[in-house]
Amino acid sequence: QVQLVESGGGLVQAGGSLRLSCATSKNIYSSNTMGWYRRAPGKQRELVATITSGAITAYADSVKGRFTISRDNAKNTVYLQMNSLNPADTAVYYCNYQRSFYTAWGPGTQVPVSS
């Protein structure tokens, strides 16, 4: 099993930046996809960004050009750099690990964005 722990969330003003980190309990160097998802108040969880072990990335349209996902396999950590934040980005952000039919989630970190 893989344990994930997110960090880096917190209150930020509109226009500001945050970097989220996701530390994993196992090596993530091969054959997996890491991702960030979010759940805004009263809404369903949605995909934010993913990155494969080959560093191929994908983003939700709402965050393209503002958010950047990256991974450091040596540190078993995935990052989400969030710039130009706006109140619509307010959510609990979750880290996800997926390999074949196995998936794991972190407990989430809150990101409130004030206007």
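The values are calculated or read from the model by the stated rules, or taken from the named source; none is laboratory data. Owing to the predicted nature of the structure, the values given are computational and were not obtained by experimental measurement. Just the protein is used for accessible areas: all its heavy atoms, side chains included, with ligands, DNA and RNA removed. Shrake-Rupley method; radii C 1.70, N 1.55, O 1.52, S 1.80 Å.
Considering the chain as a Gaussian network with a 10 Å cut-off on Cα pairs, which listed residue, 89, 61, 72, attains the greatest mean-square fluctuation?
Greatest mean-square fluctuation among the candidates belongs to 61.
What residue among 62, 70, 84 has the largest mean-square fluctuation in a Gaussian network model of the chain, using Cα springs under 10 Å?
Looking only at 62, 70, 84, the largest GNM fluctuation is found for 62.
GNM on the chain, C-alpha springs below 10 Å: top fluctuator among 80, 47, 11?
Fluctuation is largest for 11.
Within the accessible area of the chain, what % is carbon and sulfur when the probe is 1.4 Å and the other protein chains stay in place?
49
What accessible area per residue, rounded to a whole number of Å², is obtained for the range 5-115 using a probe radius of 1.4 Å?
The answer is 52 Å² per residue.
Just to confirm my numbers, what's the Cα centroid distance between the range 1-57 and the range 65-85 in Å?
If we compute the Cα centre of each part, the gap is 8 Å.
Given H placed on each backbone N at 1.01 Å, which residues far from residue 25 in sequence or on other chains put an amide H within less than 5 Å of it?
Result for residue 25 returns 3.
Hey, what do the phi angles of the range 80-95 turn into as Karplus ³J(HN,Hα) couplings, whole Hz, using 6.51/-1.76/1.60 and θ = phi - 60°, x for Gly and Pro?
Running phi through 6.51 cos²θ - 1.76 cosθ + 1.60 with θ = phi - 60° gives 9, 8, 10, 10, 6, 5, 9, x, 5, 8, 4, 5, 8, 9, 10, 8 Hz.
Using amide H atoms built in the peptide plane, which far-off residues or other-chain residues are under 5 Å from residue 108 H to H?
Here 6, 95 satisfy the definition.
Counting only DSSP beta bridges with both residues in the chain, tell me the antiparallel percent, nearest 5.
95
Taking a cut-off of 20 Å, what percent of all Cα-Cα pairs in the chain are separated by more than that?
34
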